[in-house]
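Take a look at the structure below.
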Amino acid sequence: MEEKDTQAQSLGYKHDATKVDKAKYAKYQTGRTCANCTLYQGKPADA
């Protein structure tokens, strides 16, 4: 997923989670990544 994609923008997706707009996405917590999200469907070794 690219940051400029419509879906990525609607979700506030960033390749580097330290760049998440914490004012806009107040529920963001440091340490969250795609790999530890309940919606993630890949295996830990998947790209």
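Can you tell which of 23, 35, 8 is small (Gly, Ala, Ser) and over 11 Å from the mean Cα position of the chain (by Cα)?
After ruling out the rest, the residue left standing is 23.
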(request) State which residue is nearest to residue 12 (Cα to Cα) when the search covers only the stretch 30-45 and only residues that are surrounded by 10 or more Cβ atoms within 10 Å (Cβ to Cβ) and of a type outside the set (D, E, K, R). (result) 34
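Quick note: the coordinates plus some simple rules give every number you see, no bench work behind them. These numbers were taken from a predicted model, which means no experiment stands behind them. Note: ideal-geometry Cβ built from the backbone for every residue, glycine included; neighbour counts use all protein chains shown.
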